[in-house]
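The values are calculated or read from the model by the stated rules, or taken from the named source; none is laboratory data. Remember, predicted model here, so these are calculated numbers, not experimental data. FYI the Cβ positions are ideal-geometry reconstructions off the backbone, even for glycines, and counts take in every protein chain you see.
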Amino acid sequence: MRQNHLRAEAGRTALAILAGVGLVLSGCTGRIGDDGSAGSEFPTEPPPGVDPYSPEVEPPPFHPAPLRMRRLLGWQYQNAIHDLLGAAAASAITVPADAAVNGFDAIGASQLAISPQAVEQFEAASYAAVEAGLADPVRHQALVPCTPSAPDDAGCLATVVRTFGHRAWRRPLTDEEVQTYVSVGQMAGAAYGVFDKGVEFALAGLLQSPNFLYLPEVGEPDPENPSRLRLTSLEMGARLAFFLTGTLPDDELLAAAESGALTSADAVRAQALRLVDKPEARDALNRFFDEAFRLRELDKVAKDPETFPEFTPALAKSMQQETRLLIDDVVWDRDADFRDVFDATYTFVDLALAQLYGIDGAPGSGFGRVELDPNGLRGGFLGHAAFLSLMAHPRTTSPTHRGKFILERLLCANVPAPPPNVNTSLEDASTETMTMRERLTAHVANPSCASCHKMVDSIGFGFENFDAIGQLQFTDKGKPVDASATFGDHGSFTGALQLGRMLRDDPRVPSCLVRNLFRMASGHVDTYGEVAPLKAAEQSFIANGYRLKSLLVELAASDAFRFASAQEVQP
Amino acid sequence: MTFRLSRRTVLKGAGALVALPTLEAMLNSHGTAYAEGGAFPQRLLTWFFGNGVVLPMWTPSATGANYAFSPALSPLQNVKDYVNVVSGCNVKTPDLRGHHNGCGAMMSGYPFIPIPANGANYASKFGGPSIDQVAAGIIGTTTTFPSLQLAVSKRATTGEGPTLQYISHKGPDAPLPPEMNPAKLYQKLFGNFVEPSNPTDPRDALRLNVLDAVKDDANRLIKRLGAADRQRLDQHLTAISELRQQISALPPPVTSACAAPKTPVTQTNQDQGGAEPMEAVHRAFADLIALAWACDLTRVVSVQFSGSVADTAYPMIGIPDNEHDLSHDPSRKDDINRCVTFCVQNFAYLCERLKATPEGPGNLLDNSVLMMTTDVAEGWVHSIQDYPVVIAGRGGGVLKYPGIHYRSPNGRNTSDILLTVLRAAGTGVSSVGGAEGLSTTVISELMA
């Protein structure tokens, strides 16, 4: 409550400032325009101390973010290859590693230049994939629907290039583009005296084209507000497909895109409703949580084999599976309130995890649902071994990592970067007999470290009953564990379940989820100008009972996802 | 594997067959330095480990010639004449953020660029090219590979942006991800030079032809894009050119030092029993670097042994804790120093390997310059003063030999070290870095 009170106060300040038309804001880079139209300058950040996502704060008028061409992520590329050339092709390739910026690969993919190594890997992958695809007689028939009259038959090659290119590039090819790859194919067909060789090189070329590897978006003036751009229908089709299904548009979506329909929110919503029921949507959302909850890092997490001999690659996989199953259960199987993920008093375990947790009820093989003690320490995702192991050191817990994850990933709070040159004259007291809590408390005696560590550790301490691989622990260095903690204005808590229940009631949780999904979907950190449509999506998420499927659909149809401004002109 | 096959023959054959008019132009003569009887090529390598050192255990107590190594540097004993230790220099770029500042300053000489977080993870990127990429643009233009990026530990941090994750950057938005698997590096370096079953296979010429088509395509697209996207697609086009150069490269002339490994390199970087095989991976890399240099396949390499703020652990020396966490516990300075010494040991293996590879009357270490450094001076305070740096190699005779311990009496700019290293690599540049990190002054004491 106190928190809401503070937020309300901040909100009033913001409203007062925003009411002053044309007022120059100190600390902001721009000026508020009279009508919010492009051409005027916009504030790029809220007034100091104001959380624009707070329910009480009126957001500024919508100002879309600049377009940015995005490279397909590695898994999206692999899915697209699967759709175009089959499972054998998808497993025949190695994809370049993605690089995250601001914690998301999609942001890296729209900011960073492709590396020479990636270009090399995409080249190798294109040949491996096409070769594997053509080796399957049924698929060969589909890829080459004509009978060539010669190894360099231009007509048949044109059919092959036009058909394959249309799917791969998510749009019809121009004649010039077709000709480019027909020439490639003719040369190869002639050199080998084999028509299929021509097909191989032509298709490998289409797959190396930036038209396949990126989502090139230039937009078109929005007829209702020509000062901004809207995504073209074709661009929208590709955006939607990669966001919701993590792959190329299917036939129906591509047809809708080509009909020009996808410039309307209703048409986008209709397609989105259909797409979220496809099996690919589950996989795409899994990828989101793998990244947002860092589950994919479990396979390279380091634990000390002497301290934790039970921590094996197989156990790490089980940990990842547990979290996936809970999310699947809430989002897809029950289409329920997403906040259940944070305070569920049940989970899904196999025998290895049941043993780790010290609970009964796991099936003889595979995973099964088990009930947890509703008054216990464990409950919800934050009680999962996945989170507890990821946010810990090889031997010891890390209240710092655990607290930072919650603030940064679940609440979208700005956690400051580590301080420069810390001036310390502190004694280097031995930490050998200190509990983790004692060690960190000593650390906080240093003023340079104190403010941030207090902010994150005060939350992380609440997990001290869970060791570095998620087992319950009641002693640390031979002393009883103190796992009392405070979560801002929510008050004190101990254990994952109590914090999970506080998160259920924290308005920052749904807005942060909306923002994180949007970051992955759009490839940029949400801007101040986008707060209004994102808050609208959040409102409908809440009105729909916090059902994530409904949020996916509303985000896809959101103005923030459908409109853009021109790319900034760089010197 | 054999180098006997001439790639020129293959490409010419294919060229005649499919009549590619541009083919001849691409066949740049490889290894001109030898052909023209000129000097041996100069090379540059940067070698990075994360999270700093314990300065009293790192810095030699004596300065000048005939100094004795500190405990941390003692593994370098066998190449001591080739080692110049530099201390007492300070990072001059604005100290805005622990770890980030040192990474940017020590690898590039530019201040890092913070990327606004707005409720997402904080992150940053490089402010300019890293010195290996500056060198690659000058001394790497005629070799098969302009430069190589390698990393030993897989546990670099991925959450704080390119500055901490990578050590090589072509520019602010162009980090170069490293190869982490020796078996794959082997394939990359020598896979092209395996004798094909059919010497008249037109495959490589046709691959070049495909790349040309992709370039045409990219050039059509680029006209429609905004400035930032244009820049990125330009870099894509440059990468395609580099790939062309690789495909059309001639096999290296076989010499006593440049001969293909008798058996393919199969070492991977898979964990074994929960531990990274760091030593084995680094050895395999070091052997391949020596070979790549002897064959003049590249002249520029960067090696990230462990990353800044990395989760790298050292169970192989009995320290299972992660390096970054350990570096924040000043009560465990001995353990920190043991990790640092382990890093230096590995660096020493590379130096010894280069010294053992003959080139003309000398060896590869005579004709190269290696810089070893880290992202903070001391981890638990995130300090950027009295930066720990080792320079190895004679730089083709440019650097002081036998080496000395140079200690700056007045905290001079660490970028002066970078400029000295770039000069020793034969780049001829007159400045490095930017803003507060700019240097136009070499450390004359280190020059021969």
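Overview of results
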{"item": "Any hit, the stretch A:216-234, residues being at the interface with chain B (Cβ under 8 Å from one of its Cβ atoms) and surrounded by fewer than 23 Cβ atoms within 10 Å (Cβ to Cβ)", "result": "yes"}
{"item": "Residues within the stretch A:129-176 that are closer than 20 Å to residue B:212 by Cα, out of contact with any Leu (no Cβ under 9 Å at 6 or more places or on another chain) and without any contact (Cβ under 8 Å) to a residue 40 or more places away in the chain, tallied", "result": "5"}
{"item": "Residue check, residue B:361 out of contact with any Leu (no Cβ under 6 Å at 6 or more places or on another chain), more than 30 Å from residue B:157 (Cα to Cα) and in contact (Cβ under 8 Å) with a residue 40 or more places away in the chain", "result": "no"}
{"item": "Pick from the stretch A:173-195, criterion within 22 Å of residue B:199 (Cβ to Cβ) and more than 8 Å from chain B (Cβ to nearest Cβ), ranking: surrounded by the fewest Cβ atoms within 10 Å (Cβ to Cβ)", "result": "A:193"}
{"item": "Whichever residue in the stretch B:241-299 is among the polar types (S, T, N, Q) and touching an Asp or Glu at 6+ places or on another chain (Cβ under 8 Å) and, among such residues, is farthest from residue B:315 (Cα to Cα)", "result": "B:248"}
{"item": "Close pairs from the stretch A:534-561: first under 20 Å from residue A:327 (Cα atoms), partner among the hydroxyl-bearing types (Ser, Thr, Tyr), Cβ under 6 Å, at least 6 apart", "result": "A:538/A:511; A:544/A:550; A:554/A:540"}
{"item": "Conditions (1) within 10 Å of chain B (Cβ to nearest Cβ); (2) under 27 Å from residue A:525 (Cβ atoms); (3) in contact (Cβ under 8 Å) with a residue 24 or more places away in the chain: number failed by residue A:115", "result": "(3)"}
{"item": "Extreme residue, nearest to residue B:298 (Cα to Cα), among residues of the stretch B:181-215 that are among the hydrophobic types (A, V, I, L, M, F, W, C) and more than 8 Å from every other protein chain (Cβ to nearest Cβ)", "result": "B:189"}
{"item": "Residue count for the stretch B:22-72, restricted to those that are over 23 Å from residue B:363 (Cα atoms), at pLDDT 90 or above and of a type in the set (A, V, I, L, M)", "result": "7"}
{"item": "Residues located in the stretch B:406-444, provided they are crowded, with 16+ Cβ neighbours inside 10 Å and more than 20 Å from residue B:384 (Cβ to Cβ)", "result": "B:422, B:423, B:424, B:425, B:426, B:427, B:429, B:442"}
{"item": "Matching residues, the stretch B:72-102, being of a type in the set (A, V, I, L, M, F, W, C) and either part of a helix (DSSP H, G or I) or crowded, with 21+ Cβ neighbours inside 10 Å (or both)", "result": "B:72, B:73, B:76, B:79, B:83, B:85, B:86, B:89, B:91"}
{"item": "Qualifying residue in the stretch A:511-533 (condition: without any contact (Cβ under 8 Å) to a residue 60 or more places away in the chain, within 14 Å of another protein chain (Cβ to nearest Cβ) and not in a loop (DSSP other than H, G, I, E, B))", "result": "yes"}
{"item": "Residue under evaluation residue B:154, criteria (1) out of contact with any Pro (no Cβ under 7 Å at 6 or more places or on another chain); (2) buried (at least 24 other Cβ atoms within 10 Å of the Cβ); (3) within 9 Å of chain A (Cβ to nearest Cβ); (4) touching a residue at least 60 places away in the same chain (Cβ under 8 Å), criterion not met", "result": "(2)"}
{"item": "Selection from the stretch A:366-389 of residues that are farther than 25 Å from residue A:492 by Cβ and either without any contact (Cβ under 8 Å) to a residue 12 or more places away in the chain or among the hydrophobic types (A, V, I, L, M, F, W, C) (or both)", "result": "A:367, A:370, A:386"}
{"item": "Filter result for residue B:105 (at pLDDT 95 or above, assigned to a helix (DSSP H, G or I) and touching a strand residue (DSSP E or B) at 6+ places or on another chain (Cβ under 6 Å))", "result": "no"}
{"item": "Scan of the stretch A:377-402 for residues that are of a type in the set (Gly, Ala, Ser), within 14 Å of another protein chain (Cβ to nearest Cβ) and farther than 16 Å from residue A:291 by Cα, ordered by number", "result": "A:392, A:398"}
{"item": "Subset of the stretch B:36-70 (residues that are free of Cβ contacts under 8 Å to residues at least 12 places away in the same chain and either among the acidic types (Asp, Glu) or farther than 30 Å from residue B:325 by Cβ (or both))", "result": "B:36, B:37, B:38, B:66, B:68"}
{"item": "Number of the exception - residue B:272 against (1) away from chain A (no Cβ under 12 Å); (2) within 21 Å of residue A:311 (Cβ to Cβ); (3) at pLDDT below 95", "result": "(1)"}
{"item": "Residue within the stretch B:366-377 that is within 14 Å of another protein chain (Cβ to nearest Cβ) and in contact with an Asp or Glu (Cβ under 9 Å, 6 or more places away or on another chain) present", "result": "yes"}
{"item": "Only one of A:463, A:405 that is closer than 27 Å to residue A:339 by Cβ, more than 14 Å from chain B (Cβ to nearest Cβ) and touching a residue at least 40 places away in the same chain (Cβ under 8 Å)", "result": "A:463"}
{"item": "Looking only at the stretch A:300-326, and only at residues there that are at the interface with chain B (Cβ under 9 Å from one of its Cβ atoms) and assigned to a helix (DSSP H, G or I), the one that is farthest from residue A:394 (Cα to Cα)", "result": "A:313"}
{"item": "Exclusive hit being farther than 23 Å from residue B:63 by Cβ and modelled with pLDDT of 95 or more, set B:430, B:408, B:444", "result": "B:430"}
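Yes/no per residue for (1) buried (at least 16 other Cβ atoms within 10 Å of the Cβ); (2) assigned to a helix (DSSP H, G or I); (3) facing chain A (nearest Cβ under 10 Å); (4) of a type in the set (A, V, I, L, M):
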{"position": "B:217", "(1), (2), (3), (4)": "yes, yes, yes, no"}
{"position": "B:228", "(1), (2), (3), (4)": "yes, yes, yes, yes"}
{"position": "B:231", "(1), (2), (3), (4)": "yes, yes, yes, no"}
{"position": "B:251", "(1), (2), (3), (4)": "yes, no, no, no"}
{"position": "B:256", "(1), (2), (3), (4)": "no, no, no, no"}
{"position": "B:261", "(1), (2), (3), (4)": "no, no, no, no"}
{"position": "B:279", "(1), (2), (3), (4)": "no, yes, no, no"}
{"position": "B:284", "(1), (2), (3), (4)": "yes, yes, no, yes"}
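Per-residue answers, yes or no, for (1) within 14 Å of chain B (Cβ to nearest Cβ); (2) small (Gly, Ala, Ser):
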{"position": "A:42", "(1), (2)": "no, no"}
{"position": "A:122", "(1), (2)": "yes, no"}
{"position": "A:126", "(1), (2)": "yes, yes"}
{"position": "A:130", "(1), (2)": "yes, no"}
{"position": "A:138", "(1), (2)": "no, no"}
